[in-house]
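Chemist: I'd like to ask some things about the structure below.
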Amino acid sequence: MKELTKIEEILLLAIWKLKDEAYGVKIRQYVSKVINKDFTYGNLYSALNQLERKEYVAKRFGELTPVRGGRKKVLYSVNEFGIEALKISFKMKEAMWEGISEFALSESSIIK
């Protein structure tokens, strides 16, 4: 299993949190809010395609909607491989952050 990039991790978590609402527009809105900057559709779909190639997400089509001109939404869900990748990522970060408190990263702790 390959290590997740930061954006892959963010997208997997967003998809997991959004559950049945995990489609392009909602994922983009959520991620843009979390990272506090615009996340383009190009970047979004490129990363989603990569997650699909790595077999970390499943893609399915929703119902036809008149709002979308009769087109179906593409819905994403995190599968068992994606969950396992998130667990590994979480454990690695937890180990790296062990013993480091938020206060350790304060301005006064920086060596000048």
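Just so it is clear, none of the values below were taken in a lab; they were calculated from the coordinates. Bear in mind that the values here come from a model prediction, so they are computed numbers and not experimental data. We place every Cβ from the backbone using ideal geometry, glycine too, and count neighbours over all the protein chains shown.
Chemist: If you take every residue apart from Ile27 with its C-beta less than 14 Å away from the C-beta of Ile27, what net charge results, scoring Lys and Arg +1 and Asp and Glu -1? List each step's numbers first, then the result.
Modeler: Working: positive: Lys17, Lys19, Lys26, Arg28, Lys33, Lys59, Lys73; negative: Glu8, Glu9, Asp20, Glu21, Asp38, Glu52.
Local charge sum for Ile27: +1.
Chemist: Taking a label point 7 Å from the Cα of Tyr45 along the Cα→Cβ vector, which residues of segment 1-28 have an amide N closer than 12 Å to it?
Modeler: The answer is 24-25.
Chemist: Could I ask something else about it? With springs only between Cα atoms under 10 Å, which of Arg71, Arg53, Arg28 fluctuates most in a Gaussian network model of the chain?
Modeler: Arg71
Chemist: Scanning the chain for helices, which whole DSSP H stretches are 24 Å or more long along the axis (Cα) and average -0.5 or more by Kyte-Doolittle?
Modeler: Values: long enough: 80-97 (25 Å, 0.08).
For the chain, where a helix must reach 24 Å along its axis and average at least -0.5, the hits are 80-97.
Chemist: Can you sort Val25, Val31 by how many other beta carbons sit within 10 Å, fewest first? The partial results should precede the final answer.
Modeler: Numbers: Val25 11, Val31 22.
Ranked by crowding around the Cβ, least crowded first: Val25, Val31.
Chemist: Here's something else I'd like to know. Taking amide hydrogens as modeled 1.01 Å from N in the peptide plane, which residues meet the under 5 Å criterion relative to Ala22, leaving out close sequence neighbours?
Modeler: Result for Ala22 returns Tyr76.
Chemist: Quick one: Glu63, Glu84, fewest Cβ neighbours within 10 Å first, how do they rank?
Modeler: Glu63, Glu84
Chemist: Under 24 Å Cα to Cα from Lys59, which lysines show up? Leave out anything in the same chain fewer than 8 places away.
Modeler: Filter leaves Lys2, Lys6, Lys17, Lys19, Lys26, Lys33, Lys72, Lys73, Lys87.
Chemist: Only residues of segment 12-49 count here: report those whose backbone N is under 11 Å from the spot 7 Å along Cα→Cβ of Ser77, or say none.
Modeler: Label zone hits: 19-21.
Chemist: Here is a further query. What does the charge add up to near Val78, with Lys and Arg as +1, Asp and Glu as -1, over the other residues with Cβ less than 13 Å from its Cβ? Numbers along the way, then the final one.
Modeler: On the way: positive: Lys17, Lys19, Lys54, Lys59, Arg60, Lys87; negative: Glu8, Glu9, Asp20, Glu52, Glu55, Glu80, Glu84.
Taking every Cβ under 13 Å from that of Val78, the sum is -1.
Chemist: Here's a follow-up. Tell me which aspartates and glutamates have Cα within less than 20 Å of Lys37's Cα, excluding those fewer than 8 residues away on the same chain?
Modeler: The reachable aspartates and glutamates, counting only those whose Cα sits under 20 Å from Lys37, are Glu8, Glu9.
Chemist: Separate question: For segment 6-109, just the Cα set please: Rg and Dmax, both in angstrom.
Modeler: My reading of the Cα-based Rg and Dmax gives 16.6, 58 Å.
Chemist: Helix-derived [θ] at 222 nm for the chain: sum -39500 (n - 2.57) over DSSP H runs of at least 4, divide by residue count, nearest 500? Show your work: numbers first, answer last.
Modeler: Numbers: 4 runs with 56 residues, N = 112.
After summing the helix terms and dividing by residue count, I get -16000 deg cm²/dmol.
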